[in-house]
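Only one structure is covered here, and it is reproduced in the block below.
The values are calculated or read from the model by the stated rules, or taken from the named source; none is laboratory data. Keep in mind it's a predicted model, so treat the numbers as computed, not measured. Cβ atoms come from the backbone with ideal geometry, glycine included; neighbour counts cover every protein chain shown. What goes into the accessible areas is simple: the full protein's heavy atoms, side chains included, and nothing from ligands, DNA or RNA. Shrake-Rupley method; radii C 1.70, N 1.55, O 1.52, S 1.80 Å.
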Amino acid sequence: MIERLDTFMARANALYYATRDPFADFTTAPEISQVFGELLGLWAAVVWQSMGSPAHVLLVEAGPGRGTLMVDALRAIRRMTPDFAAALRLHLVENSPSLRAVQASKLDAIWHDRLEDVPDGPMILLANEFLDALPIRQFVRRAKWCERYVEAGRFIERETDEALPDAPEGSVLERCEPALALARHLGQRLATQGGAALFLDYGPEISAFGDSLQALQNRENSDPLVEAGTADLTAHVDFQAFAEAAVGAVHHGPAPQGMFLARLGLFQRTGVLARTQQPEVAARMMQSARRLAEPDAMGRLFKALALCQPDLLQPPGFSE
Ligand code: SAH
């Protein structure tokens, strides 16, 4: 069987998320500190207020994993902004049946396979480490541009007619078509129905050549092509291409995750929580916050990008 890389990646990840516990292979920000979800919940509350506090709003999360982010977000929202808690309806976009079951044990929501299926209306969307799981195509510059296909656990290349920019021989260009389609959909939707979307993920600020396909198995890098469904496959998010595709919306960022979270009050909130804890627990909490924010941990490679309805005030976390 010969499959284009995106076809292989889509099949491999669908199998992986349906049959494995992804959280045995990697740890995401909401699993590191409860403050992450709390801050994103309050971010959504401030955005709702700057939308004019509509009486009904969809709070949507794409790829909620274990539901941890949303549980933490809702706790903070209920405590700090009960009006927003009363106005919101929770919708989750998740295509893995087993993760849906985990989410349903903690959250009262309506589930959808695709973001395009979420009903009309003003919307605030949160998505952490969602875009990196979407399938990519890869092109390699030889004498002409070629595209990568997967056959029996290895890459083969075929010449392509795609119009691609000139680049030195050996350059790899990646394109995530589902992410671009999602950006186009959101741009249009936010412009006409209102709201904002916040994406946290890893990748460069400016589009760059390079092979970023990565497989994680048992917390270690593994061969992405070896056996579909045994490892989590991800690629860097091209934030520049994503933001440019969201025609109709205004974008803020990408800002480094560390700066974004620090501006939202990561260290102050963690300090408040730590104050009432035993010293070892308090130290662990502060260490978790630093892991999310420090440049050599998750603070710089990870970025925050917001897409907003055109007339919205700049959302929290993005101003210098
Ligand atoms: N946001 C969570 C989980 C990240 S893992 C966290 O931060 O912990 C990626 C999540 O996206 C999983 O829930 C996975 O099942 C979901 N997912 C991946 N590809 C998807 C797709 N094409 N459509 C819907 N959900 C998808």
Legend entry - Alpha carbon centroid spacing (whole Å) that separates the stretch 139-185 from the stretch 87-135: 30
Inset, instruction - Could you check the simple spin-label distance between Arg78 and Gln268, using points 7 Å along Cα→Cβ, in nm with one decimal? - result: 2.5
Legend entry - Global geometry of the stretch 184-275, whether rounded, prolate or oblate, following the gyration tensor of its Cα atoms and the 1.5 cut on a/c: oblate
Legend entry - Listed residues Met285, Met298 arranged by accessible area, highest first, probe 1.4 Å: Met285, Met298
Inset, instruction - Would you check the accessible area of Asp83, probe 1.4 Å, heavy atoms only, in square angstrom rounded to 10? - result: 110
Inset, instruction - Count the DSSP beta bridges whose two residues both fall in the chain, then state the antiparallel fraction as a percent rounded to the nearest 5. - result: 65
Inset, instruction - Counting helices only, and only those DSSP H runs with n ≥ 4, report the 222 nm mean residue ellipticity of the chain as the sum of -39,500 (n - 2.57) divided by its residues, in deg cm²/dmol to the nearest 500. - result: -11500 deg cm²/dmol
Legend entry - Options Gln240, Met1, Ala143, ranked by Cα towards positive dipole end of the chain, top entry (Cβ charges): Gln240
Inset, instruction - Please work out how much accessible surface Arg75 shows to a 1.4 Å probe, ignoring ligands, DNA and RNA, in Å² rounded to 10. - result: 80
Inset, instruction - For the stretch 49-154, give the magnitude of the charge dipole about the Cα centre (Cβ charges: +1 Lys/Arg, -1 Asp/Glu; no others), in debye to the nearest 20. - result: 480
Legend entry - Within the stretch 143-162: backbone nitrogen closer than 14 Å to the Leu15 label point (7 Å, Cα to C-beta): 150-154
Legend entry - Radius 11 Å from Cβ of Glu159, net charge of other residues (Lys, Arg +1; Asp, Glu -1): -1
Inset, instruction - Quick one: pull the percent of accessible area on the stretch 1-91 belonging to carbon and sulfur, 1.4 Å probe, ligands and nucleic acids left out. - result: 56
Legend entry - Selection from Ala12, Ala191, Val47, by position along the positive dipole direction of the chain (Cβ): Val47
Inset, instruction - Please state the charge dipole magnitude for the chain, taken about the Cα centre, from unit charges on C-beta atoms (+1 on K and R, -1 on D and E), reported in debye and rounded to the nearest 20. - result: 980
Legend entry - Anisotropy class of the stretch 248-320 from Cα gyration tensor, a/c 1.5 cut: prolate
Inset, instruction - Could you go through the stretch 116-132 in sequence order and give the Karplus-derived ³J(HN,Hα) for each residue, using 6.51 cos²θ - 1.76 cosθ + 1.60 with θ = phi - 60°, rounded to whole Hz, and x for Gly and Pro? - result: 4, 8, 5, x, 5, x, x, 9, 10, 10, 10, 8, 10, 6, 9, 5, 5
Legend entry - the stretch 75-80 - phi-based ³J(HN,Hα) in whole Hz, Karplus 6.51/-1.76/1.60, Gly and Pro as x: 4, 5, 5, 4, 6, 8
Inset, instruction - Determine the relative contact order of the chain: mean sequence separation of Cα pairs under 8 Å and six or more apart, normalised by residue count, in whole percent. - result: 21
Inset, instruction - Starting from the amide H of Ser222, placed 1.01 Å from N in the peptide plane, find each other amide H under 5 Å away whose residue is 5 or more places distant or on another chain. - result: Ala215, Leu216, Gln217
